[in-house]
Amino acid sequence: MNDVQQLRQKHILGLAELSVEEMTLILQTSESMREIIDRPIKQVPTLRGRQVLSLFYESSTRTKASFDLACKYMSAGAVSISKDSSSLTKGESLRDTVRNVEIMGPEVVIMRHPSGGACHYLARNVSSSVINAGDGTHEHPTQGLLDMLTVLQHKEHLDGLNVVIVGDVFHSRVARSNIIGFSRMGANVVVSGPSTLLPPYIEEMGCQVESDLDHALAEADVVYVLRLQLERQSASYFPSLREYTELYGLNERRLALAKPDALLMHPGPMNRGVEIDSDVADGAQSVILEQVPNGVAVRMALLYLLLGGGE
Ligand code: CP
């Protein structure tokens, strides 16, 4: 791992800002990090003395825990603040939070925020490197990277793969990062869902739209089911959950329409029985639980690359 200079980015704000070469470097470095995670003693001294601050202004299990573990495995000093324990609950503005972060001077700030663009604002106003851990409905770049890593472990290349993303694309930062990431790496990305949950500009991001899910699934190498984000929906985008499940829920019959070796993915948390049936979520084609440790590996790789590899 002597090619850290190849990552020219100071921040990881979105996959839209990363080149194919940079994504490839991150994915290759993540593979090396997997080897550390698989050891009985999962700790290396690489980032000893380096300081990382995490600000989670929205709920998270996987992303927060995996960033915390990534810091521990790399021996970095880590401070983690969640929404309910922060001064946000006392009405502090993002601007004031940012000014306080800047004066404390961590080397990397990881932030999840309900507003799209909040991480860009942070990056413009602090000298630390900023990693976007999910901002509103904009991007979730580390999720996109861990998803690509998971597919690469099974398919060896992304180029030419047919990736079908199904569900609530409108509210999904995961969908945006995956459309950008997979299509930039040469995959054919198709999105499917109710037209009310497909943003009108979505094809400009490099994907095709197929509203008939059964049709979209033919020849799929990867079936990526999105969480129905009921908490972000202020309007009624479909008549009932039952109707959504009937038309867009992933079940055994639908998965059988894809290639026999198709991978089934979901970013979590899952609404079992709504967008995905338990039979397939826990079935032989599911790699959903493989996505999670790959999240630790990707986040270790990003800390390593942004902090100069422990130079
Ligand atoms: N996939 C994902 O971002 O999960 P969390 O919300 O639990 O972090």
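The values are calculated or read from the model by the stated rules, or taken from the named source; none is laboratory data. Since we're looking at a predicted model, the values are computed, not measured. Note that we place each Cβ from the backbone using ideal geometry, even for glycine, and neighbour counts take in every protein chain shown.
Would you point out the residue of the range 110-131, among those that are under 17 Å from GLN143 (Cα atoms) and touching a strand residue (DSSP E or B) at 6+ places or on another chain (Cβ under 6 Å), that is surrounded by the fewest Cβ atoms within 10 Å (Cβ to Cβ)?
GLY116
Got at least one residue in the range 245-266 being surrounded by 16 or more Cβ atoms within 10 Å (Cβ to Cβ), within 16 Å of the ligand (Cβ to nearest atom), hydrophobic (A, V, I, L, M, F, W, C) and not in a loop (DSSP other than H, G, I, E, B)?
yes
Just one of the numbered conditions (1) within 16 Å of the ligand (Cβ to nearest atom); (2) closer than 30 Å to GLN43 by Cβ; (3) buried (at least 21 other Cβ atoms within 10 Å of the Cβ) is not true of ASP84; which one?
In the conditions (1) within 16 Å of the ligand (Cβ to nearest atom); (2) closer than 30 Å to GLN43 by Cβ; (3) buried (at least 21 other Cβ atoms within 10 Å of the Cβ), ASP84 misses (3) alone.
Applying the selection to the range 147-181, what residues are within 11 Å of the chain's Cα centre (by Cα) and closer than 24 Å to LEU230 by Cα?
Scanning the range 147-181 gives ASP147, SER172, ARG173, VAL174, ALA175, ARG176, SER177, ASN178.
Name the residues in the range 54-74 that are more than 9 Å from the ligand (Cβ to nearest atom), more than 15 Å from PRO114 (Cα to Cα) and of a type in the set (A, V, I, L, M), would you?
Hits for the range 54-74 are LEU69, ALA70, MET74.
For a quick check of your reading of the model, give me the residue pairs whose first member lies in the range 58-87 and is farther than 23 Å from TYR304 by Cα, whose second is of a type in the set (Lys, Arg) and surrounded by 14 or more Cβ atoms within 10 Å (Cβ to Cβ), with beta-carbon atoms closer than 7 Å and at least 6 apart or on different chains.
GLU58/LYS83; GLU58/ARG112
Could you tell me which numbered condition PRO106 fails, if it satisfies all but one of (1) outside any loop (DSSP other than H, G, I, E, B); (2) not assigned by TED's automatic domain parsing to the domain that holds VAL274?
Among (1) outside any loop (DSSP other than H, G, I, E, B); (2) not assigned by TED's automatic domain parsing to the domain that holds VAL274, PRO106 violates only (1).
I need a count of the residues in the range 231-270 that are modelled with pLDDT under 95 and under 24 Å from GLY144 (Cα atoms).
Residues in the range 231-270 being modelled with pLDDT under 95 and under 24 Å from GLY144 (Cα atoms): 3 in total.
Against the definition (out of contact with any strand residue (DSSP E or B) (no Cβ under 9 Å at 6 or more places or on another chain), surrounded by fewer than 20 Cβ atoms within 10 Å (Cβ to Cβ) and more than 23 Å from GLU58 (Cβ to Cβ)), how does HIS215 come out, yes or no?
Spelling it out, it is not the case that HIS215 is out of contact with any strand residue (DSSP E or B) (no Cβ under 9 Å at 6 or more places or on another chain), surrounded by fewer than 20 Cβ atoms within 10 Å (Cβ to Cβ) and more than 23 Å from GLU58 (Cβ to Cβ).
Looking at THR29, THR24 in this structure, which one is more than 19 Å from VAL108 (Cβ to Cβ), out of contact with any Gly (no Cβ under 8 Å at 6 or more places or on another chain) and assigned to a helix (DSSP H, G or I)? Give the derivation first.
Details: THR29 fails: more than 19 Å from VAL108 (Cβ to Cβ).
Result of the check over THR29, THR24: THR24.
Out of GLY91, GLY105, GLY77, I need the residue that is under 17 Å from LEU47 (Cβ atoms) and either modelled with pLDDT under 95 or within 13 Å of the ligand (Cβ to nearest atom) (or both). Which one?
Details: GLY91 fails: under 17 Å from LEU47 (Cβ atoms); GLY77 fails: either modelled with pLDDT under 95 or within 13 Å of the ligand (Cβ to nearest atom) (or both).
Result of the check over GLY91, GLY105, GLY77: GLY105.
Could you count how many residues in the range 120-147 are assigned to a helix (DSSP H, G or I) and away from the ligand (no atom under 14 Å from the Cβ)?
Selection size over the range 120-147: 6.
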